[in-house]
Amino acid sequence: MENLGVIDRRVNVNSKKDRKKIFNICIRLAQKSDCEKRKFGSVVLGHTIWAPGKYDPEKHGLAIRGLGYNHKICGLEDFDCCNLRASVPSGTRTEYCAAIHAEMMALQYALSNHFLGDNHPEFLFVAGLNGDDSFFDNSKGFYCLPCAKELMHAGIQTIALATAKTPKSGMWSFRAINVALHESLEFTKGTKKV
């Protein structure tokens, strides 16, 4: 996958300008998706080590470590999962989806390039579009249980979801991975709706 010229770019999650840049990268990635229902783009941020020793925010920073978007994997291009899942609520029955999710692709990219390290908190940002390319407001929470489990296992500490405010303000909805895991469980059980 092309890296859009942003891999290893340092970012500051406290900067409105950088948060807007991350949003724009996520949307550019989402536009590559071949999903008819929802298109997502995702960015993994990881700490860079600029000096030996214990983590010090003055000497260390965050950099883009992984990029991903949801798309059908090779060999399943003819599987019409969007029509098969038309009556299935979002966030449920993901085993009937032929796509690799944006979050997993970004995570795999970071892992395959040895970008995730021990004891250095990682962030995952995700933004999406509806099938008609209108913005998808993800303010109700993180709803993919398989992704939440994998992200937690990989050491991702925080997930940032794009909401209606993100495109203009650069404000994301941040949640700890354990909160995202519990939210996604509620969506999977059907007690919470997308």
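Below is a table of values for the structure above.
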item: Set Lys168/Lys189; Lys39/Lys140; Lys16/Lys72; Lys32/Lys165; Lys17/Lys189 screened for pairs whose C-alpha atoms are more than 28 Å apart; result: Lys168/Lys189; Lys16/Lys72; Lys17/Lys189
item: Spacing of the two label points (7 Å from each Cα toward its C-beta) at Ile100 and Ala164, in nm; result: 3.5 nm
item: Protection-proxy order for peptides 6-12, 160-166, each taking the mean of Cβ atoms within 10 Å per residue, highest first; result: 160-166, 6-12
item: Potential extension, Gln108-Lys149 segment - 0.36 nm per residue separation minus Cα distance; result: 13.4 nm
item: Extension gain, Ser15 back to Glu186 (0.36 nm per residue minus Cα-Cα distance, nm); result: 58.4 nm
item: Highest to lowest packing among 66-73, 133-140, scored as the average C-beta count within 10 Å; result: 66-73, 133-140
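A short reminder: the numbers here are calculations on the coordinates, not readings from a lab. Note that the coordinates shown come from a computational prediction; the quantities given were computed from them, not determined experimentally. Reconstructed Cβ throughout: ideal geometry from the backbone, glycine too, with neighbour counts over all protein chains shown.
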